[in-house]
1. Any residue at all in segment 305-312 that is farther than 16 Å from TYR380 by Cα and either touching a helix residue (DSSP H, G or I) at 6+ places or on another chain (Cβ under 6 Å) or buried (at least 22 other Cβ atoms within 10 Å of the Cβ) (or both)?
2. Residue check: is ALA30 in contact (Cβ under 8 Å) with a residue 24 or more places away in the chain and within 26 Å of the chain's Cα centre (by Cα)?
3. Give the residue that is nearest to ARG96 (Cα to Cα), with candidates limited to residues of segment 42-73 that are within 27 Å of the chain's Cα centre (by Cα) and surrounded by 20 or more Cβ atoms within 10 Å (Cβ to Cβ).
4. What's the total number of residues in segment 348-401 that are under 23 Å from ARG515 (Cβ atoms), outside any loop (DSSP other than H, G, I, E, B) and among the charged types (D, E, K, R)?
5. Can you name the condition, by its number, that ALA345 falls short on among (1) crowded, with 21+ Cβ neighbours inside 10 Å; (2) part of a loop (DSSP other than H, G, I, E, B)?
6. What residue, among those in segment 181-231 that are in contact with a strand residue (DSSP E or B) (Cβ under 9 Å, 6 or more places away or on another chain) and over 23 Å from ASN284 (Cα atoms), is surrounded by the most Cβ atoms within 10 Å (Cβ to Cβ)?
7. So, in segment 162-202, of the ones that are charged (D, E, K, R) and within 27 Å of the chain's Cα centre (by Cα), which residue ends up farthest from LEU150 (Cα to Cα)?
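The values are calculated or read from the model by the stated rules, or taken from the named source; none is laboratory data. Predicted model only: the values in this text are computed from it and were never measured. All Cβ positions, even for glycine, are placed from backbone atoms using ideal geometry, and neighbour counts span all protein chains on display.
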Amino acid sequence: MPILPKNLLVLGARVLAAKTALELRQKKSAVPAQKRTFRALTSRFAKTAFGRAVGLEAGCTYRQFQARVPLQTYEMLSPSIERMKRGEADVLWPGRCSFYALTPGTTPGSAKWIPVTFDLLTHFRRANRTALLYYCARTGSSRVFHGRHLLLGGSTALNLVSESASFTAYEGELSGFTSLNFPSWAVHHLYEPGAEIDQLGNWDEKLAAIVERTRSLDLTLVAGLPQWLLVLAEALRSGSRSPTGSRAPSLQAVWPNLECLMHSGLPLGPFQGELRRAFGPTVNFHEIYSATEGVIAAQDASAPEGLRLLADAGIFFEFVPLKDFDENRLGPLGARAVPLEGVAANEDYVLVVTTPGGLCRYLIGDVVRFISTTPPRLIYVGRTRLMLDAFGEQVIEKELTDALLAVCSPHGWSITNFHVAPAFIESHTGNNRGRHEWWIELRPGSVQTPTGPNLADQLDGELRARNPHYELKRRSVLLEAPVVRLVMPGVFEHWMRHHGKWGGSNKMPRCRSDRVIADELMQLARFNE
């Protein structure tokens, strides 16, 4: 099949971007799209062993679906996924599934095997195209299609699944399967760094190859996780010089037509200022909320307005109020879940997805908050298993990040990474008692260097103002004032390398209600209180 000429690609993108902009301005309700998605998915699930076991029928109502299908965790679905890996058909989704994506594993426990069906790959292709068209619509330009797009992710190499004896199945990172699904025109005109480099498993080797290959290319878009985008920027700027021989001031000096920095995995948070300085003053940030299970939302307006839920991309969404959530008592929670039409703005919800990858009423572990309901725009606020709640304080990741930014930004302190954990104090009453312990690595070069006690006092004040549960516990005898440990540069990098999480799609957990990570940091760290 002949490759689509570049001028026709640009023209087609311009037409689709204009159409997308018109649709966004019309502000149609997303509820009908979700109802269509629900009908399409339930008719497929009814043909599976899972669907038959729970009594799911094609044409069922949402109330019947809600009553018959319990909420699912990965642990509950794992036996069925193992059957699929051995070649059994029609288990969680019609037909056999040959692809399994391994999650990065930021939460406790081992990585998860997520089935990647052909229908799920169709969802990813459609959703990612929509997200890019949202960018064109909100900027009023399709110039991003004039150059090449660097996708900074993990290794795309695939391995045979050992459990599949008479059935050929493959495991790998999600990027490996989605890259195989790129249209030929996208590979020819847009895709960087190319299949050969993308398959490299060693992050340092891959980064060096990307720098060597792309330095002289015309890149208009770079996409990846914020932390690794900064690592890429440092590598490129260190090896690139201006006409006067000095270090390149930003990546726009390396790639003059660079206009879009597409980030996912985590909100920009503490990385925003550094990314702005590293990539250039006129680069547009564009956020996608994506997980191994599917693409959830994408930016269609300015950042403070949140991300628009992708209601018509093939996933059916439900939302459990966070205030009701208890993972140890999932039975009654299925009835507490609400579809899109039942959500309210400014409330926190645990996200539940039903996907064309065979996951039905699946808890992916994320907590979201709607900024508006018409159109449906939300923000990511944390993980259910990474909430700080050892003392009943119910502090979410977003509150920790916002508090740290509020303290550091006025002083120009740049955050390399951080982690927060409980520090327990022996109690004769039997009650959990203690404090929060912050591990913070700041980027060197600040004019004014903070101290641990000074940061601790300010962080305590910020959290007390933001979270009433934290304030209540602080006024009691259960939660004492926090302690801050400022660690030497490189501690978090050392930890991530030690755990095989350096580069790609890996993320540093920002909090946990136990000391698994904190105790390991204690072994590695030199710190200044």
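1. Yes, the conditions are met somewhere in segment 305-312.
2. Judged against the criteria, ALA30 is a match.
3. Only one residue tops the list, namely PHE45.
4. Number of matching residues: 5.
5. All conditions are met except number (1).
6. The selected residue is ASP198.
7. Here the answer is GLU171.
Here's the yes/no breakdown for (1) surrounded by fewer than 19 Cβ atoms within 10 Å (Cβ to Cβ); (2) among the acidic types (Asp, Glu); (3) in contact with a Ser or Thr (Cβ under 6 Å, 6 or more places away or on another chain):
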residue: PRO468; (1), (2), (3): yes, no, no
residue: LEU472; (1), (2), (3): yes, no, no
residue: ARG475; (1), (2), (3): yes, no, no
residue: PRO482; (1), (2), (3): no, no, no
residue: ARG485; (1), (2), (3): no, no, no
residue: MET488; (1), (2), (3): yes, no, no
residue: PRO509; (1), (2), (3): no, no, yes
